[in-house]
Amino acid sequence: MNMKKYLTLFIILYCSLSFSQTKTNINDTAQIQLLPYDTFPQTQVSIMPPQNFKAVESVRGFINLLTTTSITCTEVNGYQYNTLVNRLSAEDIAKQNAVLLSTEDVQTTSGMTAKLLTISFSIPGMDSTHKPVPFERMMLFTGNRTKTVWINVTYPVNVKPFIYKLVRKSILTVKFDNQ
């Protein structure tokens, strides 16, 4: 009888704890909060940066020092983005000591078509072992007939589970030239 009481109490506690908790799904991008639009330094391109990312003039982008993640932007006038993207092959990327992981057709929140490439590479470690540190870079290309907007997000692979969906959502808010 004592064991039955403990078992019943355990089941009641377990069920009440399980159903009373409000779980936040960190994979739900609708729950990701971004800051208001901010313009990349020295450009006419804006995004809604993630929280805790600060604009840094010297890199023409936003940086999160805690995760060592950067979001930078380059404007290329005179070229349509598809022209540039079509010139980037896995072989060209390999010549830069990187590996093309994926290429994806995406759409920005303003409805523009874009390409999102993800590459991986390593840099020498700064500690005494100099063991290579693996990084990834997302490269978003979008634009119009006369301009390409190229946004890079660079992060160490070990922080990817914490920042990937956040920075992806952020860069897809890109807008430029009075959009």
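Derivation of every value follows stated rules applied to the coordinates shown; laboratory data play no part. Keep in mind that what you see is a predicted model, and the values were worked out from it rather than measured. Don't worry about glycine lacking a Cβ; one is built from the backbone with ideal geometry, like all the others, and counts go over all protein chains shown.
How much length is gained if the chain between THR109 and GLN44 is pulled fully straight, taking 0.36 nm per residue apart and subtracting their Cα-Cα distance, in nm to one decimal?
Numbers: separation 65, 0.36 × 65 = 23.40 nm, distance 1.73 nm.
Extra length from THR109 to GLN44 when fully extended: 21.7 nm.
Would you please put 78-84, 47-53, 32-38 in order of how densely packed they are, using the mean number of other Cβ atoms within 10 angstrom per residue and starting with the highest? Intermediate values should be presented prior to the final figure.
Working: 78-84: 14.7, 47-53: 21.0, 32-38: 12.7.
Most protected by this proxy first, the peptides run 47-53, 78-84, 32-38.
Residue by residue through segment 165-170, which ³J(HN,Hα) values in whole Hz follow from phi under the Karplus form 6.51 cos²θ - 1.76 cosθ + 1.60 (θ = phi - 60°), with glycine and proline marked x?
5, 5, 6, 4, 4, 4
Label 7 Å along Cα→Cβ of GLU91; segment 125-144 residues with amide nitrogen under 13 Å?
None, by backbone N distance to the label point.
Quick one: which residues, 5 or more positions from GLN44 or on another chain, have an amide H under 5 Å from its amide H? H modelled 1.01 Å from N in the peptide plane, none for Pro or chain starts.
none
Charges at C-beta only: +1 for Lys and Arg, -1 for Asp and Glu. How large is the resulting dipole of segment 35-176 about its Cα centre, in Debye rounded to 20?
The calculation lands at about 180 debye.
Specify which residue in the list GLY125, TYR164, VAL85 is farthest towards the positive end of the charge dipole of segment 49-179, using unit charges on the beta carbon of Lys, Arg (+1) and Asp, Glu (-1), about the Cα centre.
Most positive-ward Cα: TYR164.
Mind giving me the nanometre distance, one decimal, between the label points for THR74 and ALA55, set 7 Å out from Cα along Cα→Cβ?
With each label placed 7 Å out from Cα toward Cβ, I get 2.2 nm.
Between ASN144 and VAL157, what is 0.36 nm times their sequence separation minus the Cα-Cα distance? Round to one decimal in nm. Before the final figure, lay out each step's value.
Values: separation 13, 0.36 × 13 = 4.68 nm, distance 3.18 nm.
Stretched fully, the ASN144-VAL157 segment lengthens by 1.5 nm.
Count charges around THR39 for me, please; just the other residues with Cβ under 12 Å from its Cβ, Lys/Arg as +1, Asp/Glu as -1. Working shown, then result.
Numbers: positive: ARG60, LYS175; negative: ASP38, GLU57, GLU75, ASP177.
Charge balance in the 12 Å sphere: -2.
Between THR173 and HIS130, what is the label-to-label distance in nm when each label sits 7 Å out along the Cα-to-Cβ direction?
Computed distance between label sites THR173 and HIS130 equals 4.2 nm.
If the chain between LEU65 and LEU101 were fully stretched, how many nm would it gain, using 0.36 nm times the residue separation less the Cα-Cα distance? Before the final figure, lay out the partial values.
Details: separation 36, 0.36 × 36 = 12.96 nm, distance 2.52 nm.
Difference between extended and current length: 10.4 nm.
Can you compute the equivalent ellipsoid semi-axes for segment 20-168, i.e. the square root of 5 times each eigenvalue of the Cα gyration tensor, sorted largest first and rounded to whole Å?
Ellipsoid semi-axes (Å, largest first): 24, 22, 16.
Using only the Cα atoms of segment 56-116, build the gyration tensor, take square roots of its eigenvalues as a ≥ b ≥ c, and label the shape rounded, prolate or oblate: rounded if a/c is under 1.5, else prolate if a/b is larger than b/c, else oblate. Provide the component values of the computation, followed by the final result.
Numbers: a/c = 1.62, a/b = 1.21, b/c = 1.34.
Oblate, since a/c reaches 1.5 and b/c is not below a/b.
Please go through the residue pairs LYS54/LYS165; LYS147/LYS169; LYS131/LYS169 and name each one whose alpha carbons sit more than 28 Å apart in this structure.
Distance filter (> 28 Å) returns LYS131/LYS169.
Show me, for segment 92-101, the HN-Hα J-couplings you get by feeding each phi into the Karplus relation (A = 6.51, B = -1.76, C = 1.60, θ = phi - 60°), rounded to Hz, glycine and proline as x.
4, 5, 4, 5, 9, 6, 9, 10, 6, 8
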